[in-house]
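Working notes, structure below.
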Amino acid sequence: MEFDLSQARIRPLRAEDAASLAEHANDPVVARDLPDRFPHPYGLGDAHKWLSTVLAEETPHVLAIEVDGACVGTIGWKLRDDVERLTREIGYWIGTAFAGRGITTEAVQAVTPWLVREFGLTRVEARLFQRNRGSARVLEKAGYVREALLRRSAIKDGEVLDQELWAWVTDEPGSLPEEGGAGSPW
């Protein structure tokens, strides 16, 4: 899947994105508000390792945010199962040089309704550290609503942090997945 935005393009990741990923991800400002599984410093080896894992997946769950032919960030989603199978959690980051230009907002605005249609979802949610006001603005502009403050729910670099839970909820769900699939009790 690909999306052409006014200043960027959302597209599948490619092995040749490694150098650009490493360049933009190796930034303490970017790493500050991401989970610990996102290493810092972030080198070329980290990019190659991560890309090899993502590109080997049968169904990709992360896309490149491309500006002027270079991957400057990513947007992706986590699958849920069981009683939360109609929900996905969205996540994203963009290089500091591209922050504040509306690119991430447009990316979230493009990917969210696609996720709802593609997977028949009723909900897409995002978690962020409460201190990350830029991400809160992205979500608000993209039509998400802040639902909760999760007090003292995360630790980053030795600091206990509050998180916010934001959601984009459909009033009319897409066609629901058929019950009775693998592992289903029906």
request  = Quick one: count up the residues across region 16-31 that are of a type in the set (A, V, I, L, M), over 10 Å from Ala47 (Cβ atoms) and surrounded by fewer than 17 Cβ atoms within 10 Å (Cβ to Cβ).
outcome  = 1
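Out of Arg101, Arg9, I need the residue that is under 19 Å from Leu139 (Cβ atoms) and surrounded by 13 or more Cβ atoms within 10 Å (Cβ to Cβ). Which one?
Numbers: Arg9 fails: under 19 Å from Leu139 (Cβ atoms).
Result: Arg101 is the single residue among Arg101, Arg9 that is under 19 Å from Leu139 (Cβ atoms) and surrounded by 13 or more Cβ atoms within 10 Å (Cβ to Cβ).
State which residue is farthest from Val169 (Cα to Cα) when the search covers only region 105-139 and only residues that are of a type in the set (Ser, Thr, Tyr) and touching a strand residue (DSSP E or B) at 6+ places or on another chain (Cβ under 6 Å). Explain how you work it out, then say what you get.
Within region 105-139, the subset of a type in the set (Ser, Thr, Tyr) is 105, 112, 122, 135.
Within this subset, residues satisfying the condition of being touching a strand residue (DSSP E or B) at 6+ places or on another chain (Cβ under 6 Å) are 112, 135.
Working: Thr112: 10, Ser135: 18 Å.
Ranking the qualifying residues of region 105-139, first place goes to Ser135.
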query = Does any residue in region 33-44 that is within 20 Å of Ala19 (Cα to Cα) come within less than 6 Å, Cβ to Cβ, of a residue that is part of a loop (DSSP other than H, G, I, E, B) and at pLDDT 95 or above six or more places away or on a different chain, and which pairs are these?
reply = Pro41/Asn26; Tyr42/Asn26
Cβ-Cβ under 6 Å pairs, at least 6 apart or on other chains, region 135-155 side on the phi > 0 side of the Ramachandran plot, far side buried (at least 16 other Cβ atoms within 10 Å of the Cβ) and not basic (Lys, Arg) = Gly143/Trp168
key: Tabulated pairs, region 90-112, first farther than 24 Å from Leu79 by Cα, second of a type outside the set (Lys, Arg) and assigned to a helix (DSSP H, G or I), C-beta under 6 angstrom, 6+ apart or interchain   = Gly95/His24; Thr96/Val29
task = Output yes when any residue across region 3-24 is within 21 Å of Ala110 (Cβ to Cβ), modelled with pLDDT under 95 and not in a strand (DSSP E or B), and no when none is.
result = no
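Please specify each residue of region 104-130 satisfying the condition of being among the basic types (Lys, Arg) and either within 18 Å of Glu140 (Cβ to Cβ) or under 12 Å from the mean Cα position of the chain (by Cα) (or both). Break it down into steps so the answer makes sense when it comes.
We begin by selecting, within region 104-130, every residue among the basic types (Lys, Arg); these are 117, 123, 127.
Scanning region 104-130 gives Arg123, Arg127.
The values are calculated or read from the model by the stated rules, or taken from the named source; none is laboratory data. This is a predicted model, so every value here is computed, not measured. Every residue, glycine among them, receives a Cβ derived from its backbone with ideal geometry; neighbour counts consider all protein chains shown.
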